[in-house]
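Note sheet for the following structure.
The values are calculated or read from the model by the stated rules, or taken from the named source; none is laboratory data. All values reported here derive from a predicted model rather than from experimental measurement. Every residue, glycine as well, gets a Cβ built from its backbone with ideal geometry; the counts of neighbours run over all protein chains shown.
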Amino acid sequence: MRKDLSKDEIDQRIIRIVKEKKPENVEQLIRLIQEKLSLPEQEIVSRILYLQENEKIRFKPNQTLAPQKLTNYLRSSQAYWYWITMILTFTTAVLVFAIPENAFPLVYARYLLGTIFVLWLPGYSFVKALFPEKELDSIERVALSIGMSLAIVPIVGLLLYYTPWGIRLTPITVSLLAVTVTFATAAIIREHHVRTDTV
């Protein structure tokens, strides 16, 4: 993306190009945008999908956008939540094992990320997998995420109780890491399928 243009400015220019040039298909629209803005194709596709989702531009049935590959989708701005979830999950797991309990100032980072790791991430990933589209508003998604985390974590603990590992720090951390990564990966795959099916 060009550094001198914000996403809003790019969106406005794309809308203007659609109104003025009236491209016959999406490929022609992408070429026109590249000529005017010198943006990479992946970023253009991402902005077109965003504008289409928010009904700022509409395509005729024969103008539909070719489905985006999952690898491209993972690199788009629409998958930012997935990467934030992965970074928080793995960072927390590393901090739990790397920072000892008596490391005074650093232990607070462990506590903060640990709280997010237990009370937010498993439920958020699960809710995102259940509702990949924007069926829920922000408040509903936050409430469901916390509620599902409060349901998932005890179930994980109960299952661990009946294993040889028991309820200890390492098995709980690894189990919640696996649960969160599994749900988040399922969620991004579902989100990609839903969005490419509707395009």
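Can you tell me which residue within the range 162-181, out of those that are of a type in the set (G, A, S) and assigned to a helix (DSSP H, G or I), is surrounded by the most Cβ atoms within 10 Å (Cβ to Cβ)? Can you show your working first?
Of the range 162-181, the ones of a type in the set (G, A, S) are 166, 175, 178.
Next cut, assigned to a helix (DSSP H, G or I) only: 175, 178.
Values: S175: 19, A178: 12.
Among those that are of a type in the set (G, A, S) and assigned to a helix (DSSP H, G or I), it is S175.
Within the range 182-199, restricting attention to residues that are among the hydroxyl-bearing types (S, T, Y) and at pLDDT below 95, which residue is surrounded by the most Cβ atoms within 10 Å (Cβ to Cβ)?
From the range 182-199, those among the hydroxyl-bearing types (S, T, Y) are 182, 185, 196, 198; that's our starting set.
Going one step further and asking which of them are at pLDDT below 95, we end up with 196, 198.
On the way: T196: 16, T198: 11.
Only one residue fits best here, namely T196.
Quickly run through the range 4-52 and pick out the residues that are part of a loop (DSSP other than H, G, I, E, B) and over 18 Å from N72 (Cα atoms).
D4, L5, S6, K22, P23, E24, N25, S38
In the range 112-144, how many are farther than 22 Å from R195 by Cβ and surrounded by 12 or more Cβ atoms within 10 Å (Cβ to Cβ)? Spell out how you get there, then give the answer.
Of the residues in the range 112-144, the ones farther than 22 Å from R195 by Cβ are 112-123, 139, 142-143.
Next, only the ones that are surrounded by 12 or more Cβ atoms within 10 Å (Cβ to Cβ) stay: 112-114, 116-123, 142-143.
Residues in the range 112-144 being farther than 22 Å from R195 by Cβ and surrounded by 12 or more Cβ atoms within 10 Å (Cβ to Cβ): 13 in total.
Since Q68 meets every condition but one in (1) in a helix (DSSP H, G or I); (2) surrounded by 18 or more Cβ atoms within 10 Å (Cβ to Cβ); (3) under 23 Å from the mean Cα position of the chain (by Cα), which condition does it not meet?
Looking at each condition in turn, Q68 falls short on (1).
Taking the criterion of being at pLDDT below 85, surrounded by 18 or more Cβ atoms within 10 Å (Cβ to Cβ) and part of a helix (DSSP H, G or I), would at least one residue in the range 74-83 satisfy it?
Yes.
Condition first: assigned to a loop (DSSP other than H, G, I, E, B) and among the hydrophobic types (A, V, I, L, M, F, W, C). Can you find one or more residues in the range 138-161 that meet it?
Quick first cut of the range 138-161, residues assigned to a loop (DSSP other than H, G, I, E, B) only: none.
No, the range 138-161 contains no residue that is assigned to a loop (DSSP other than H, G, I, E, B) and among the hydrophobic types (A, V, I, L, M, F, W, C).
Give the number of residues within the range 84-101 that are surrounded by 13 or more Cβ atoms within 10 Å (Cβ to Cβ) and of a type in the set (D, E, K, R).
Qualifying residue count for the region: 0.
List the pairs whose first member sits in the range 140-161 and is on the phi < 0 side of the Ramachandran plot, whose second member is among the aliphatic types (A, V, I, L, M) and outside any helix (DSSP H, G or I), and whose Cβ atoms are under 8 Å apart, counting only residues at least 6 apart or on separate chains?
Qualifying pairs under 8 Å: L144/L136; G157/I167; L160/I167; Y161/I167.
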